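One structure below.
The values are calculated or read from the model by the stated rules, or taken from the named source; none is laboratory data. Not measured: the values here are computed from a predicted model. Virtual Cβ from ideal backbone geometry, glycine too; neighbours counted across all protein chains shown.
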Amino acid sequence: MGKLLQINPVIRDSTSTGRIMKEIGALASSKGWESFIAYSKARDGVKEIKGSSIVPVGNKVDLLIHYLATRLFDAHGLASKVATKRFIRKVCEIDPDVLHIHNIHGYFLNYKILFNYLKDSGKPVIWTVHDCWLYTGHCYHYSSERCMKWKEGCHDCPQKKAFPRSILFDRSKRNYRDKKEAFTSLGDKLTVVTVSEWLRDEMRSSFLGGCRFKVIHNGIDLDIFTNDGPSTSLRDRVTYIADKKIILGVASIWLKEKGLDDFKKLAGMLDNDEVIVLIGKMSEQQRESLPQSIITLERTSDIHELASLYRSATAFVNPTWQDNYPTVNMEATACGTPVITYRTGGSPESVLDGQTGFVIEQGDIEGILSALRKIESSDREEWRERCRALALNEFCKTDRYSDYITLYESLTAR
């Protein structure tokens, strides 16, 4: 078929982008492609990847210098010059037919140098957009701040101290110009893949609006996240909720943007036979601020147990204020649990409103409660069947990865 080179700062399974990249590589290899994966050596070491050859980039010194350039000068993506030049020499040796970028903001590549090479090479480039960093002057997401400066030109960034954090300078105005010049330089050789329709529509208002766009939603493993399996682990771990209806929330890290304050408000409106369970990393100060009707658990590294936790719940609530296409919605739905989420970003795209859950306007706690009452008063098995049917039709990761293989083939056939 040809040679495929994917790029992402990390490859570890605990990150969604790293896992997606490896699994795409494995599928491509099974279809006859020669798969290569480039990542930050300083962040993930040297690892073997089934079906793909690795291309480690940079070292710990490069990472440290890039970290300092980001923290002090707001110059994320503009350090690592030597590491990037070495990487490009390796790319020339591989001579890939398709380059597939996931993320390059990760303290390991210089995007100016990289895109100068990509422009001169004339090779087809796919960029899967997992967040908003590539078309803003600084931030990786702007929804919670309701900031629209990226449409005309960033400046005076309200999220300077958010990832990628700068503690001194605000370079957002110049960053915006630098990114625009670099990322628009590929012309029709660049295909932008967004993980949600919402993100595609946003990007059409950015400096990349003239690009060719394609939406490929992320997928999940439906053999693990299934409605056919045990759902007792949560009740076994917290015995005093054995007879209560469980309202579940899951996040890697609980932040205000994930709706923690909304769960606090919801907790005060629940009946005695209902309990909120929040799974994910949380500070001690956050835990102490929660009412007694909210139980917290650390996120488990056992995905089979996580699937069991989803199945334990009456409903999965995701009151997110900032999201592209949350994986947790898919996971809960695949386990037969209806999802209640805000009309935020791409979050509603994985919910059939009224069929597999409900889409509520941001901040409408009464709306969440009303949706819960509808779920609780209706047939649980019907919800389970509708949720699973949607997952089988839309969320299978192999189907979504196959969409990428089809795209690779279309680009190399030109």
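Okay, residues lined up against (1) within 22 Å of Arg373 (Cα to Cα); (2) among the hydrophobic types (A, V, I, L, M, F, W, C); (3) at pLDDT 95 or above:
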residue: Asn318; (1), (2), (3): yes, no, yes
residue: Trp321; (1), (2), (3): no, yes, yes
residue: Met330; (1), (2), (3): yes, yes, yes
residue: Thr333; (1), (2), (3): yes, no, yes
residue: Gly345; (1), (2), (3): no, no, yes
residue: Leu352; (1), (2), (3): yes, yes, yes
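Condition test on His130, is it in the same structural domain as Lys41 (by TED's automatic domain parsing) and touching an Asp or Glu at 6+ places or on another chain (Cβ under 7 Å)? In short, no. Does Val125 meet the test of being closer than 25 Å to Pro319 by Cα and either touching a residue at least 60 places away in the same chain (Cβ under 8 Å) or of a type in the set (S, T, N, Q) (or both)? When the stated conditions are applied, Val125 does not pass them. The residue that is surrounded by the fewest Cβ atoms within 10 Å (Cβ to Cβ), counting only those in the range 321-361 that are of a type in the set (Gly, Ala, Ser) and in a loop (DSSP other than H, G, I, E, B), is Gly354.
Here Val359, Val351, Val317, Val339 are screened, and the one residue that is over 19 Å from His217 (Cα atoms) and among the aliphatic types (A, V, I, L, M) is Val317.
Yes or no: Gly122 under 28 Å from Thr194 (Cβ atoms), more than 24 Å from the chain's Cα centre (by Cα) and in the same structural domain as Asp44 (by TED's automatic domain parsing)? So Gly122 fits the description; yes.
Scanning the range 370-402 for residues that are surrounded by fewer than 17 Cβ atoms within 10 Å (Cβ to Cβ), among the acidic types (Asp, Glu) and in contact (Cβ under 8 Å) with a residue 24 or more places away in the chain, which turns out farthest from Met269 (Cα to Cα)? Only one residue tops the list, namely Asp399.
Can you find even one residue in the range 144-160 that is surrounded by 21 or more Cβ atoms within 10 Å (Cβ to Cβ), out of contact with any Leu (no Cβ under 6 Å at 6 or more places or on another chain) and assigned to a loop (DSSP other than H, G, I, E, B)? Checked the range 144-160: at least one residue is surrounded by 21 or more Cβ atoms within 10 Å (Cβ to Cβ), out of contact with any Leu (no Cβ under 6 Å at 6 or more places or on another chain) and assigned to a loop (DSSP other than H, G, I, E, B). Quick check on Tyr310: is it farther than 30 Å from Arg146 by Cα and of a type in the set (Phe, Trp, Tyr)? For Tyr310, the condition - farther than 30 Å from Arg146 by Cα and of a type in the set (Phe, Trp, Tyr) - is met. Taking the range 74-93 as the range and being within 13 Å of Val57 (Cβ to Cβ) and among the hydrophobic types (A, V, I, L, M, F, W, C) as the test, the residues that pass are Ala79, Val82, Ala83, Phe87, Ile88, Val91.
Condition check for Ser252 on (1) within 18 Å of Met330 (Cα to Cα); (2) touching a residue at least 60 places away in the same chain (Cβ under 8 Å); (3) not hydrophobic (A, V, I, L, M, F, W, C): one failure, at (2). Scanning the range 362-397 for residues that are assigned to a loop (DSSP other than H, G, I, E, B) and more than 22 Å from the chain's Cα centre (by Cα) yields Gly363, Asp364, Ser377, Ser378, Asp379. Being assigned to a loop (DSSP other than H, G, I, E, B), among the hydroxyl-bearing types (Ser, Thr, Tyr) and closer than 26 Å to Thr320 by Cβ holds for only one residue in Ser185, Ser166, and it is Ser166.
For Leu168, the conditions (1) at pLDDT 95 or above; (2) out of contact with any Pro (no Cβ under 9 Å at 6 or more places or on another chain) all hold with the exception of (1).
Residues are listed down the side, and each one gets a yes or a no for (1) β-branched (Val, Ile, Thr); (2) over 14 Å from Leu392 (Cα atoms):
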residue	(1), (2)
Ala332	no, no
Gly336	no, no
Thr341	yes, yes
Leu352	no, no
Gln355	no, yes
Phe358	no, yes
Glu361	no, yes
Ile365	yes, yes
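Among the residues examined, Phe225 qualifies as at pLDDT 95 or above, farther than 19 Å from Tyr140 by Cα and not assigned by TED's automatic domain parsing to the domain that holds Tyr142. Just one of the listed residues (Gln362, Gln355) is touching a residue at least 24 places away in the same chain (Cβ under 8 Å), touching a strand residue (DSSP E or B) at 6+ places or on another chain (Cβ under 8 Å) and either of a type outside the set (Gly, Ala, Ser) or more than 20 Å from Asp273 (Cβ to Cβ) (or both), namely Gln362.
Counting only helices (runs of 4 or more DSSP H) that sit completely within the range 11-114, those holding 1 or more residues that are under 20 Å from the mean Cα position of the chain (by Cα) and surrounded by fewer than 22 Cβ atoms within 10 Å (Cβ to Cβ) correspond to 16-30, 41-44. Looking at Thr128, Thr136, Thr70, can you tell me which residue is in contact with a Pro (Cβ under 9 Å, 6 or more places away or on another chain), of a type in the set (Val, Ile, Thr) and within 26 Å of Cys147 (Cα to Cα)? Every option except Thr70 fails the conditions.
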